[in-house]
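The values are calculated or read from the model by the stated rules, or taken from the named source; none is laboratory data. Note that the structure is a prediction, hence the values are computed from the model and not measured. All Cβ positions, even for glycine, are placed from backbone atoms using ideal geometry, and neighbour counts span all protein chains on display.
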Amino acid sequence: MATKRSVGDLKEADVKGKRVFVRVDLNVPLDENLKVTDDTRIRATVPTIKYLMERGARIILASHLGRPKGVTPKYSLKPVVPRLSELLGVNVEMANDSIGEEVEKSIAALPNGGIVLLENVRFYKEEEKNDPEFAKKLASLADLYVNDAFGTAHRAHASTEGVTKFLKPSVAGFLMQKELDYLVGAVTNPKKPFAAIVGGSKVSSKIGVIESLLEKVDILILGGGMIFTFYKAQGYSVGSSLVEEDKLGLATSLLEKAKSKGVSLLLPTDVVIADKFAADADSKIVPASGIPDGWMGLDIGPDSIKTFSGALESTKTIIWNGPMGVFEFEKFAVGTEAIAKKLADLSGTGVTTIIGGGDSVAAVEKVGLADKMSHISTGGGASLELLEGKSLPGVLALDDA
Ligand SMILES: Nc1ncnc2c1ncn2[C@@H]1O[C@H](COP(=O)(O)OP(=O)(O)O)[C@@H](O)[C@H]1O
Ligand SMILES: O=C(OP(=O)(O)O)[C@H](O)COP(=O)(O)O
C-alpha cells in the first residue's frame, strides 16, 4: 500500500475552526450493565483527537459498536463517553443520531476544540452496505476526514471508505499510522518459524482468512469458537457448540491444504464443555471427539494448552487473534490466560508477539500481560487481513502522501 497522508501533515491553518470527521474504532467490550470492561481502544484514539483539539478543530467522532440490526439501545456508544471525556480532559458531547438535523445543530454549535460523538453508525444498515447516499450525508457534516479506526480498516463501509469520496483531504490518524508502520513490517517479513493463533467467535469472517494464512505460517493453532466447525467436518459430534454449517466443506479442505503445504495445523485435543452458556454452568473436560448432546465447548482443555505451548516454543514470531474460550466467564478463561502467559514468557526471550482484536486484547489486559507483548493491536480482523497480504479498503481510500 502506498504511503498515506497523515493528520500530522495538516497545519493549524488547515484545521482551525474546521469540522473534522474522525472515524475511530470505539467498538469496546461492555459487560451486562453496559460498563466498558477494557478501554484499550478508547485510549488509542487520544493522540489524534488531542492533536486536533490543540489546533482548534471542531471534532466529529464516529464509530460503530457491535453488530446491531437497526437501532438497538444496548449498542449505543453512550457508555464510552465518560471514559473518553476523562482521558481528553473535556466534556465530549453525545449526539442522538449519526446524521440529520439535530446532529447538524450540535455540530454548528461546536466551539473550536469541541468534540461531539455521533451515535453508532451501524444503526443504519446503509453503513455496512457502503451506501453512497448515506456516505454523502455523513460527509455533509464535515469539511475534512481523518480515519483512525485501524480495527475497522478491513471493512469498506460508508464511514470508513464511502465518505472519503466526498471529503478532501482524507488522511490517516496517528493510531492508523502506528499500526500500519508496525504490522506491515512485522507480518510481511516475519522472522520464522512463524505461528498464527486464531480463535474467538467471528468464525464466518475469520475461517476464510485461514486459507491465506496457510501460505504464510509454519504453525497454525486454532481455538475458541472456530474449532467446532472443524470437529464437525471430521465427523465428531459437537453438541450445541458454535458451528458454521455452511463452512464444513471449507474446514475439510483447509485441513487437507495444511497437510499438503506442510503447515502444522493444531486443533485442541480436549475441550472444556458447559451445560449452558453462563458463568455458573456445570463444566467438565472431555476429549474433542466426546462432546455429548446438550453440551457446548467453551474453552480448550489442559492437554491442548500443553501441546500448544510446546509448539510455540520453537517460534520466532507469533500473531494471535481471538480468545481460546469464553474468557469473560472465569471457568472458561483458563485456556486464554495460559496462552497469554506463554506469549508473555516467549516475548521475554526475544520472540515477536503480536496480539490483535478487541476481545483478545481485553483478555491480555485482564491478566496484566499487555505490556509484556511486542505489539498490542487494536485490530484483530484488520491485522489478519494485513497478514494475508490484502490491502485494507479504509486505508486505500485515503489520500496518497
Ligand atoms: N468456544 C466458544 N464459543 C463461543 N464463543 C466463544 C468461544 N471461544 C471464545 N468465544 C468468544 O469469542 C469472543 C471474541 O471473539 P472475536 O470478536 O472474534 O475476537 P477479537 O475481538 O479479539 O477479534 C469472546 O467474546 C469470547 O467469549
Ligand atoms: O472488533 C472489531 O474487529 P476484531 O474483533 O476483528 O478486532 C472491529 O471493531 C470490527 O468489527 P466487525 O468485525 O464487526 O466489523
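Within the set LYS168, LYS232, LYS136, the sole residue that is free of Cβ contacts under 8 Å to residues at least 40 places away in the same chain and not assigned by TED's automatic domain parsing to the domain that holds SER377 turns out to be LYS136.
Which residues, taken from segment 45-64, are more than 17 Å from LEU138 (Cα to Cα) and either within 16 Å of ligand 1 (Cβ to nearest atom) or free of Cβ contacts under 8 Å to residues at least 60 places away in the same chain (or both)?
Correct list: VAL46, LYS50, GLU54, ARG55, GLY56, ALA57.
Against the condition crowded, with 22+ Cβ neighbours inside 10 Å and part of a helix (DSSP H, G or I), how does LEU343 come out, does it pass?
Judged against the criteria, LEU343 is a match.
Within segment 215-253, being under 24 Å from THR188 (Cα atoms) and away from ligand 1 (no atom under 13 Å from the Cβ) holds for GLU215, LYS216, VAL217, ASP218, ILE219, LEU220, ILE221.
A quick yes/no check of all residues on (1) in contact with a Lys or Arg (Cβ under 8 Å, 6 or more places away or on another chain); (2) charged (D, E, K, R); (3) more than 28 Å from GLU328 (Cα to Cα):
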residue	(1), (2), (3)
ALA13	no, no, yes
GLY17	yes, no, yes
PHE21	no, no, yes
PRO29	no, no, no
LEU34	yes, no, no
SER76	no, no, no
LEU87	yes, no, no
ASN112	yes, no, yes
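The residue pairs whose first member lies in segment 83-94 and is within 18 Å of PRO111 (Cα to Cα), whose second member is crowded, with 17+ Cβ neighbours inside 10 Å and hydroxyl-bearing (Ser, Thr, Tyr), and whose beta carbons are closer than 7 Å, counting only pairs six or more residues apart or on different chains, are GLU93/SER106. Taken together, GLU244, GLU211 contain a single residue that is in the same structural domain as GLY325 (by TED's automatic domain parsing), closer than 27 Å to PRO302 by Cβ and among the charged types (D, E, K, R), which is GLU244.
How many residues, within segment 253-290, are of a type in the set (A, V, I, L, M, F, W, C) and under 25 Å from GLY208 (Cα atoms)?
Residues flagged as of a type in the set (A, V, I, L, M, F, W, C) and under 25 Å from GLY208 (Cα atoms) within segment 253-290 amount to 9.
From the list GLY325, GLY290, GLY335, the one residue that fits, being under 20 Å from TYR231 (Cα atoms) and at pLDDT below 95, is GLY290.
Taking the listed residues LEU384, LEU343, LEU369, the one that is within 12 Å of ligand 2 (Cβ to nearest atom) and in contact (Cβ under 8 Å) with a residue 12 or more places away in the chain is LEU384, with no other qualifying.
Out of all the residues in segment 153-162, is one or more modelled with pLDDT of 95 or more, touching a Leu at 6+ places or on another chain (Cβ under 6 Å) and within 16 Å of ligand 1 (Cβ to nearest atom)? Yes, some residue in segment 153-162 is modelled with pLDDT of 95 or more, touching a Leu at 6+ places or on another chain (Cβ under 6 Å) and within 16 Å of ligand 1 (Cβ to nearest atom).
The single residue among ASP303, ASP299 that is away from ligand 1 (no atom under 12 Å from the Cβ) and either outside any loop (DSSP other than H, G, I, E, B) or at pLDDT 95 or above (or both) turns out to be ASP303. Only residues that are within 21 Å of ALA382 (Cβ to Cβ) and out of contact with any Gly (no Cβ under 7 Å at 6 or more places or on another chain) were counted in segment 119-154, giving 8.
Under the condition of being part of a loop (DSSP other than H, G, I, E, B) and within 16 Å of ligand 1 (Cβ to nearest atom), which residue from segment 175-214 is surrounded by the fewest Cβ atoms within 10 Å (Cβ to Cβ)?
Looking at residues that are part of a loop (DSSP other than H, G, I, E, B) and within 16 Å of ligand 1 (Cβ to nearest atom), I get SER201.
Looking at segment 365-386 only, could you name the residues that are part of a helix (DSSP H, G or I) and either within 14 Å of the chain's Cα centre (by Cα) or away from ligand 1 (no atom under 14 Å from the Cβ) (or both)?
Passing the criteria: ASP371, LYS372, GLY381, ALA382, SER383, LEU384, GLU385, LEU386.
Would you call LYS202 within 21 Å of GLU313 (Cα to Cα) and not β-branched (Val, Ile, Thr)? Here the answer is no, as LYS202 does not meet what is asked.
Got a sec? Which helices (runs of 4 or more DSSP H) wholly within segment 10-107 have at least 1 residues that are closer than 17 Å to ASP359 by Cβ and of a type outside the set (S, T, N, Q)?
Because the criterion is at least 1 residues that are closer than 17 Å to ASP359 by Cβ and of a type outside the set (S, T, N, Q), the helices (runs of 4 or more DSSP H) in segment 10-107 that meet it are 40-54.
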